[in-house]
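Take a look at the structure set out below.
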Amino acid sequence: MVTKREVLESVAGRTRAGKTTDYRDLAWQLDLTEDAACDHLKRLWQQRLIECTETRPRGHEYRLHEHEGVRELRFALGRRGRARLRWWREQEEREAKESWW
């Protein structure tokens, strides 16, 4: 099972490399079905952890508009996604320090 964090880290790595991410990238990189990759992207986008790189119609910045599919879109890591990854790293560091004592 692929976690939200794994997907977010994949998008983050591509964003750092100056690349955007679509469902095919995730499917290949994380060995997911295309449908599973689309579902992950849609959830992360709705949670505003990733951002669509295409210009969006007003009111549809974080959701699909009529007759649109997530397969047509490309994404990059968003501000909230960077913050979430940082939080996960801080939690790991805190846990590592606590388990050492």
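Looking only at the stretch 52-78, count every residue that is free of Cβ contacts under 8 Å to residues at least 12 places away in the same chain, surrounded by 10 or more Cβ atoms within 10 Å (Cβ to Cβ) and charged (D, E, K, R) and tell me the total.
Residues in the stretch 52-78 being free of Cβ contacts under 8 Å to residues at least 12 places away in the same chain, surrounded by 10 or more Cβ atoms within 10 Å (Cβ to Cβ) and charged (D, E, K, R): 4 in total.
List every residue pair whose Cβ atoms lie under 6 Å apart, where the two residues are 6 or more positions apart in sequence or sit on different chains, the first residue falls within the stretch 8-24 and is in contact (Cβ under 8 Å) with a residue 40 or more places away in the chain and among the β-branched types (Val, Ile, Thr), and the second residue, located anywhere, is surrounded by 12 or more Cβ atoms within 10 Å (Cβ to Cβ) and assigned to a helix (DSSP H, G or I).
Note: pairs meeting the criteria are Thr21/Val11; Thr21/Arg14.
Gln29 - would you say it is closer than 16 Å to Gly81 by Cα and either among the polar types (S, T, N, Q) or surrounded by 14 or more Cβ atoms within 10 Å (Cβ to Cβ) (or both)? If you could, list the steps in order and put the result at the bottom.
Numbers: closer than 16 Å to Gly81 by Cα: no; either among the polar types (S, T, N, Q) or surrounded by 14 or more Cβ atoms within 10 Å (Cβ to Cβ) (or both): yes.
Against the criterion (closer than 16 Å to Gly81 by Cα and either among the polar types (S, T, N, Q) or surrounded by 14 or more Cβ atoms within 10 Å (Cβ to Cβ) (or both)), Gln29 does not qualify.
Please go through the stretch 65-77 and give me each residue that is assigned to a loop (DSSP other than H, G, I, E, B) and either modelled with pLDDT of 95 or more or closer than 23 Å to Thr3 by Cα (or both), ordered by number. Break it down into steps so the answer makes sense when it comes.
Going residue by residue through the stretch 65-77, those that are assigned to a loop (DSSP other than H, G, I, E, B) are 65-69, 73-74.
Once the filter is applied, which keeps residues that are assigned to a loop (DSSP other than H, G, I, E, B) and either modelled with pLDDT of 95 or more or closer than 23 Å to Thr3 by Cα (or both), the stretch 65-77 yields Gly69, Leu73, Arg74.
Can we say Arg24 is outside any loop (DSSP other than H, G, I, E, B), buried (at least 16 other Cβ atoms within 10 Å of the Cβ) and over 10 Å from the mean Cα position of the chain (by Cα)? Quick ask: steps written out before the conclusion?
Working: outside any loop (DSSP other than H, G, I, E, B): yes; buried (at least 16 other Cβ atoms within 10 Å of the Cβ): no; over 10 Å from the mean Cα position of the chain (by Cα): yes.
No, not satisfied.
The values are calculated or read from the model by the stated rules, or taken from the named source; none is laboratory data. The model shown is predicted, which means the values in this text are computed figures rather than measured ones. Counting neighbours? That spans all protein chains shown, and the Cβs are built from the backbone with ideal geometry, glycine included.
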